[in-house]
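K.L.:
First the structure, which I've put down as structure tokens, then a few questions once you've had a look.
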Amino acid sequence: MFRVLRRANDRRRHAGGEYGWLFRPYTGDELVAIDCETTGVDTRIAEPVSIGAVKVRGDRVLTSESLDLRLKRPATLTGDSIRVHGLRGIDLDDGVSLDDALVTLLDFIGNRPLLGWRLDFDLAILNRQIRSRFGFDLPNSGIDVAQLYHRQQRRSVMEPEPRAQRFEAVAETLGVPVMGRNTALGDAVTTALMYLRLERAVLQDRCEA
């Protein structure tokens, strides 16, 4: 409820501003899969070190229309997070500023619906930075592919609550190649492929019903 009210307030405040177009209903046929690699898992303090995004149109992942942003080293970068994403301080020396990265991201995703694996995590990381700079959260609708998979599994198996599965295991189950695990763009592309495979399964079930 709070999120709905906050979004409505953001729309009222910014509809006539520079980014007012983000708040308009989307009428196209594309989605954007996004992913962030971060300095930690606590969304209250973690910072992004890289941001990846790729467009999806129909049944195609448009890898030629993607975004792969490596950011300047954030102050909270630690060895623990480096072991996950592999981006050391020296690897981020030529990264873009967070301000420039967010402007690029907003222009890239526009008002398209978003896809993500555990999407709420990425949105929490991004929205904390976007709100402090632009005064609003991303207003885009979203699809969490992990939740979508879980719902489909719950309908298709006897267990009322199937066990949660890891990213790699779900990709393997769906027959999707893992494209550069723990890189922002690689995870975004893999998430997009998993979404298309799940949507194809839904269509097939409807045809067989």
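The values are calculated or read from the model by the stated rules, or taken from the named source; none is laboratory data. Because the structure is predicted, anything quoted here is derived from the model rather than measured. Quick reminder, even Gly has a Cβ in these numbers, built from the backbone with ideal geometry, and neighbours come from all protein chains shown. The accessibility values were calculated without ligands, DNA or RNA, using every heavy atom of the protein model including side chains. Shrake-Rupley method; radii C 1.70, N 1.55, O 1.52, S 1.80 Å.
K.L.:
Quick one: which residues, 5+ away or cross-chain, put their amide H under 5 Å from the amide H of residue 96? H built at 1.01 Å from N.
P.N.:
HN-HN under 5 Å from residue 96: 70, 71, 72.
K.L.:
Rounded, prolate or oblate for the stretch 14-77? Axes are the square roots of the Cα gyration tensor eigenvalues, ordered a ≥ b ≥ c, and the cut-off for rounded is a/c under 1.5.
P.N.:
Since a/c reaches 1.5 but b/c is at least a/b, the shape of the stretch 14-77 is classed as oblate.
K.L.:
Another question, then. How high is the relative contact order of the stretch 1-52, given as a whole-number percent (alpha carbon pairs under 8 Å, six or more residues apart)?
P.N.:
22
K.L.:
Whenever you get a sec, line up 78, 173 from highest to lowest accessible area (probe 1.4 Å, protein heavy atoms).
P.N.:
My answer, sorted largest first, is 173, 78.
K.L.:
Then there's this: For residue 29 and residue 97 in one chain, what is 0.36 nm times their gap in residues minus the Cα-Cα distance, to one decimal in nm?
P.N.:
Gain on extension, residue 29 to residue 97, equals 21.4 nm.
K.L.:
Also: To the nearest 20 debye, what is the magnitude of the charge dipole of the chain about its Cα centre, counting +1 on the Cβ of each Lys and Arg and -1 on the Cβ of each Asp and Glu?
P.N.:
In debye, rounded to 20, the chain gives about 660.
K.L.:
Further, regarding this structure: Sorted by mean Cβ packing within 10 Å, highest first, what order do the peptides 125-133, 183-191 take?
P.N.:
For the peptides 125-133, 183-191, the packing ranking is 183-191, 125-133.
K.L.:
Using a probe of 1.4 angstrom, how much of the accessible area of the chain is carbon and sulfur, in percent?
P.N.:
Carbon and sulfur together cover 51 percent of it.
K.L.:
So how much slack lies between residue 118 and residue 5, counting 0.36 nm per residue of separation and subtracting their Cα-Cα distance, in nm?
P.N.:
Here the answer is 38.4 nm.
K.L.:
What residue among 149, 45, 134 has its Cα farthest toward the positive end of the dipole of the chain, where the charges are +1 on Lys, Arg and -1 on Asp, Glu, each on the Cβ?
P.N.:
134
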